[in-house]
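Single-structure report; data block below.
The values are calculated or read from the model by the stated rules, or taken from the named source; none is laboratory data. For clarity, every value in this text was computed on a predicted model and none was experimentally measured. A quick note on method: Cβ atoms are made from the backbone with ideal geometry, for glycine too, and the neighbour counts reach across all protein chains shown.
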Amino acid sequence: MTETPTDPDGEIQWPASTRAGRARAIALDALEPMPQPQEWVEYKSSGRLLIIGPADDALPLAKVLDAHLSCVLLATRPPAEPPDTAPPVRYLDGRPRNLAGYLGAFTLDVEVDRGRVLEAGAAFGIESGTFDLVLDLDGSGGLRMDEPPPGYYLAIDPAGRERALEELPAMVGDFQKSRYFAYDPEICAHGASGMTGCSNCLLACATEAIVSIGDKVEVNPYLCQGCGSCATVCPTGAMQYQAPPVVEVIDGARRMLKTFRDHARDEPAPEILLYSADSAQPELTAHADDLPEHVLPLAVEDVGSVGMDALLSLLAFGAARVLLLPGPSPAPSKVQASRSTIQVLDRMLEALGDREHAQRVVWLDDAGEAAAHHPIAPMVSEPATFSGLGNKREVIRRALKVLHEQAAAPLEIAALPGQAAFGAIAVDQEACTLCMGCVSVCPASAVQGGGDRPRLEFREDHCVQCGLCEQACPEDAITLQPRINFRAHLEPHSSLLNEAPMHHCPDCGKAFATEQMIERMLGRLAGHWMYQDENARNRLLLCEDCRIQKMWDEEGSIEVHRNKRS
């Protein structure tokens with residue numbers, strides 16, 4: 001008998017004409033709904049609408065919208081013909097400047113004439129220059145982010161204007177959305193001591209909600225719209241997705257795959273189709289009949305939030321392939337972030353000896369592509385059962401361990417693309433003076449000192465390739481090496497980068513610097529006027545206390561400018 005089960009939301013009809021289809025139906029029926037977000041962001045709109053654009057385009061729309069909203073019009077180009085009547089709304093000729101904000105809190109300045117710029121309230125002659133909504137008809141508002149903020153409507157074509165006319169009247173009242181992210185500044189690798197390291201989240205953010213605030217970053221929750229790319233590209237897990245947390249996606253997929261295998265028997269190996277719940281569902285519904293019945297659909301808030309930890313876990317759980325469907329017209333920055341992650345993952349799977357590495361994780365441009373891939377065998381014969389609990393690196397290590405143990409011919413070490421968050425550092429031992437500047441800035445404790453010994457040690461499983469150590473080195477002795485060293489991750493250990501014998505004070509025997517550091521200092525001061533006599537040079541070999549005592553014993557006082565004056 002052929003059944004037509006639905007997804008957990010009860011909206012998409014999934015055929016079940018084969019054993020695989022019936023197993024999928026059971027797995028979907030057993031799938032528990034993702035938990036609801038626990039934190040929300042509130043917006044308030046009283047219907048104050050700013051319309052920006054040429055007067056001839058804007059005035060007809062303003063007349064319609066003013067029946068529902070309180071409108072003001074900033075005309076970027078005056079009417080072609082003098083109007084017969086007064087404008088239907090408050091009107092001003094000018095150019096928008098510095099438009100910023102979000103639903104309920106947009107602000108801007110207005111260039112009114114000859115470069116004179118006024119705050120919007122003063123320019124329009126109204127008490128408040130803050131607006132709840134913006135309708136931009138020609139793009140002159142200047143908001144160029146991939147995903148503009150809530151309440152901003154860019155409508156430069158008839159379709160966009162029709163959508164605005166339909167939606168804007170309802171944009172009055174109280175609104176809320178999930179607070180999609182959680183940020184842990186303690187493990188953020190963005191910066192240290194005024195230097196900038198990892199900026200992945202800033203580059204990946206489609207809404208420009210993330211800004212640098214020195215050594216850390218800050219996320220504006222009112223601008224964030226949950227694309228999740230920041231969490232995908234974050235190397236340390238400092239930025240985490242919360243709608244739902246990745247642990248829910250990982251554990252839900254593991255249970256779904258197991259249920260499918262329990263009922264499918266010898267059918268093709270299961271594949272997972274992760275799709276953005278809202279944006280991708282319409283096209284997925286249209287292609288539901290074409291989707292192979294061994295492909296298990298799983299809705300997430302946004303596939304841009306699916307990172308390396310989840311992708312590796314799903315492959316370790318026995319998914320032969322992971323398909324990612326974002327829906328139509330995804331933000332370019334989100335696509336770039338996900339494709340960059342897939343590129344690094346592909347190299348790692350290739351290093352594991354997987355012949356199908358290029359087919360394991362596939363970004364879909366449309367739902368119809370899901371049926372175009374031939375079935376492939378999974379990477380594991382014994383699927384993993386671990387939980388998704390733990391930080392990002394811990395989950396990645398668990399998944400890699402399973403995949404590595406069941407790989408036929410894995411490499412020990414393989415190079416990765418430059419954007420990878422895995423790798424080592426090379427230290428030029430001739431140049432390194434063991435000043436420990438790299439240790440002081442490393443956000444992941446990958447570079448470590450040797451305690452009382454002049455020794456530099458390294459934990460490759462901790463390194464996120466942020467580059468802070470490279471910047472901090474005064475001798476330019478450090479070079480990043482993006483790579484995957486399976487032994488370093490699966491059997492974590494410290495390796496020696498550099499060590500040197502200590503220099504001891506000739507008078508008291510105190511160890512206070514490395515011999516190399518003393519030699520470097522003597523070389524650099526060789527031509528300095530203060531160190532031309534042998535006594536002055538010998539004092540450099542002494543510890544601080546003995547150096548001061550020696551100067552006092554020899555000269556009775558300290559006059560550092562004497563030789564220079566003579």
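Summary of values
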| read-out | value |
| --- | --- |
| Number of positions in segment 44-63 that are surrounded by fewer than 20 Cβ atoms within 10 Å (Cβ to Cβ) and either of a type in the set (Phe, Trp, Tyr) or farther than 19 Å from Ala155 by Cα (or both) | 2 |
| Residues located in segment 370-416, provided they are closer than 21 Å to Pro297 by Cα, among the small types (Gly, Ala, Ser) and modelled with pLDDT of 95 or more | Ala377, Ala384, Ser387, Gly388 |
| Condition check for Asp66: surrounded by 15 or more Cβ atoms within 10 Å (Cβ to Cβ), touching a strand residue (DSSP E or B) at 6+ places or on another chain (Cβ under 7 Å) and among the charged types (D, E, K, R) | no |
| Filtered residues of segment 69-86 (kept if assigned to a loop (DSSP other than H, G, I, E, B) and either outside the structural domain of Val110 (by TED's automatic domain parsing) or crowded, with 19+ Cβ neighbours inside 10 Å (or both)) | Leu69 |
| Leading residue by the ranking (surrounded by the fewest Cβ atoms within 10 Å (Cβ to Cβ)) among those in segment 196-227 that are touching a residue at least 60 places away in the same chain (Cβ under 8 Å) and of a type in the set (Gly, Ala, Ser) | Gly226 |
| Residue match in segment 351-373 (condition: under 16 Å from Ile396 (Cα atoms), touching a helix residue (DSSP H, G or I) at 6+ places or on another chain (Cβ under 6 Å), part of a helix (DSSP H, G or I) and not hydrophobic (A, V, I, L, M, F, W, C)) | no |
| Selected residue [assigned by TED's automatic domain parsing to the domain that holds Asp66, under 25 Å from Ile210 (Cα atoms) and basic (Lys, Arg)] from Arg144, Arg163 | Arg144 |
| Segments classed as strands (runs of 3 or more DSSP E), wholly inside segment 215-277, with at least 1 members that are more than 13 Å from the chain's Cα centre (by Cα), of a type outside the set (S, T, N, Q) and over 24 Å from Asp461 (Cβ atoms) | 271-276 |
| Verdict on Glu167 being surrounded by fewer than 15 Cβ atoms within 10 Å (Cβ to Cβ) and closer than 26 Å to Cys205 by Cα | yes |
| Segment 96-120, subset at pLDDT 95 or above and not in a strand (DSSP E or B), residue farthest from the chain's Cα centre (by Cα) | Ala120 |
| Output for segment 228-261, where each listed residue is out of contact with any strand residue (DSSP E or B) (no Cβ under 9 Å at 6 or more places or on another chain) and either without any contact (Cβ under 8 Å) to a residue 60 or more places away in the chain or crowded, with 21+ Cβ neighbours inside 10 Å (or both) | Ser229, Pro235, Thr236, Gly237, Ile250, Arg254 |
| Single match in Gly523, Gly527 (criterion: more than 22 Å from Gly451 (Cβ to Cβ), within 48 Å of the chain's Cα centre (by Cα) and surrounded by fewer than 16 Cβ atoms within 10 Å (Cβ to Cβ)) | Gly523 |
